[in-house]
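Derivation of every value follows stated rules applied to the coordinates shown; laboratory data play no part. As the structure is a computational prediction, the values presented were derived from the model and not from experiment.
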C-alpha cells in the first residue's frame, strides 16, 4: 500500500471516528480535549461540528494554520506527560471526548508513547466519554469499541469509559 493510501485511510478513519464520537457524546457536559494540534485540521473539524463545546488543545508548541489555531485560553502548552496530570487536578474526570493524534512515522516509538500516556489519559474521561486515537492505546478501564462505518481497521481506535 502506498504512503498516500495509508494517509488517506488515516484521514478517512479519523473523520469517521470523530464524527461517531461527537454524535455519541452529544448532550454530555464537560470539556473536549485535543491532544496534539499539529496543523489544526482535526481541531478545526471538531470546532465546526460542535461549536457549543469547550475544546482544550494540548500542544508543546503551537504551529498550526492560523485559521485552525485555538484561542490562547483554550491552549494548554507543554509536554502531555506533565500537562495531563495537571489538567486532571484542574478538570477532574470530566472529559466527554478526547482525541489524540500524537504519533509520527516510527511505529515502535508511537507504541511506546501510547503505553506511556494511556494511564494519564484514562482518568480524564467522564463515564460515557469516548477516546479517539490514531494509535492503539493501553487502558485498563476503557472498552475498545467497534469502528464506525467508513473507518479502516488499524488506522483509528475508539474507547469508552463505561463506569
Legend entry - DSSP beta bridges in the chain [antiparallel fraction, %, rounded to 5]: 30
Inset, instruction - Work out how far the C-alpha atoms of the chain reach from end to end along every principal axis, then list the three figures in whole Å, largest first. - result: 43, 37, 30
